[in-house]
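The values are calculated or read from the model by the stated rules, or taken from the named source; none is laboratory data. Source: prediction; values computed, not measured. Quick reminder, even Gly has a Cβ in these numbers, built from the backbone with ideal geometry, and neighbours come from all protein chains shown.
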Amino acid sequence: MFKIKKIENKTVYYSDILPVEHFFTTRQIPIDENIDLICKYLKIDSNNLIKPKQTHSCNIEIVRNEKTVYDNCDSLILTQKNKAIYLNFADCTPIVLYDEKNNIASIAHGGWRGTAQKIAAKTVFKMQKIFNSKPENIIALIGPCISFKHFETSPEAICQLKSTVEGIDGLFKNNYADLKGINKSQLEKTGVKKIDVCQFCTVEDNDQFFSYRKENKIQKRHNALIKL
C-alpha cells in the first residue's frame, strides 16, 4: 500500500512493502529543484545522487563508482549503499525493483515505448544475469502514472503493447491501454510475485503529480527515488 510521508512538510509517497529508503515525489518537491533538500534528507553528497538521461530507450546500466553520466538510459541498477538513484516522470510508469536478499535496487522508466520493449522485465533479467537475483526475492513497485482510461494511443502502439503480454483481457479497450497492468503482467511473467501498484493517476490526480498530456507537454517532472 502506498502511504504519505513528509520531507520538511512536503508530501512524498512510499510503499509499506519495501524495506529500504525510497519515495515517489509530488509537485511539491520535484528533485531537480530540491537537490540540496533531498541530499540533506538522505545524508549523502550531491555527487552520489544519480539520474540518467532518459530517452524512452530500453537501455539498462549499472551505477559504478567511476561513472557519473548515464546517457541514453532508462533503467539504472544500484548496488552501493552510499548512493541514491532517481528518474523523472510525468505520465510514464515508474517501476522500482528491490532484491531484498542481495540488497540491489533498480528504477526503470516505462513509457509506452519502454513498456513495449519490456524494460521492467529486462531489468529483472539483467539483475538475474549479473547478480544472480532470484525473482521470488524481488519486490516491485509500480508508481503513479497515467491510468487506463486516460491513456489513448495509436493502433500501432496498441499492437506492440499487446505482443508483450500473454493475456490481454482487462488491459486493452479500443485504442486505450493499461500501462500499470501491462508492466505488472510482464513482471509476473518473470516470476516476480511481490508487486505493489500505486492507486494514483497523473491525469486525475494532477493536483499532486505532473502530467505531460494534461498540461500541454509540461517540462516539469516528479520522480521515483531509492537508496540502499
Subject >> Failed condition for Ile130, given (1) surrounded by 15 or more Cβ atoms within 10 Å (Cβ to Cβ); (2) touching a residue at least 40 places away in the same chain (Cβ under 8 Å); (3) closer than 21 Å to Val96 by Cβ >> reply: (1)
Original post:
Pick from Ser154, Ser147: which is without any contact (Cβ under 8 Å) to a residue 40 or more places away in the chain, of a type in the set (Ser, Thr, Tyr) and over 20 Å from Cys73 (Cβ atoms)?
Top reply: Ser154
Subject >> Selected residue (criterion: surrounded by the most Cβ atoms within 10 Å (Cβ to Cβ)) from residues of segment 184-216 that are touching a residue at least 40 places away in the same chain (Cβ under 8 Å), more than 25 Å from Lys10 (Cβ to Cβ) and under 16 Å from the mean Cα position of the chain (by Cα) >> reply: Leu187
**OP:** Output the residue which, of all residues in segment 217-228 that are among the basic types (Lys, Arg) and under 29 Å from Ile44 (Cα atoms), is surrounded by the most Cβ atoms within 10 Å (Cβ to Cβ).
**Re:** Lys227
Subject >> Residue within segment 159-178 that is under 30 Å from Lys10 (Cβ atoms), of a type in the set (A, V, I, L, M, F, W, C) and within 19 Å of the chain's Cα centre (by Cα) present >> reply: no
Subject >> Filtered residue count, segment 14-48, keeping only those that are among the hydroxyl-bearing types (Ser, Thr, Tyr) and assigned to a helix (DSSP H, G or I) >> reply: 2
**OP:** Go through the residues of segment 122-134 one by one and say whether even a single one is small (Gly, Ala, Ser), at pLDDT 95 or above and within 13 Å of the chain's Cα centre (by Cα).
**Re:** no
Original post:
Would you call Lys122 of a type in the set (D, E, K, R) and outside any loop (DSSP other than H, G, I, E, B)?
Top reply: yes
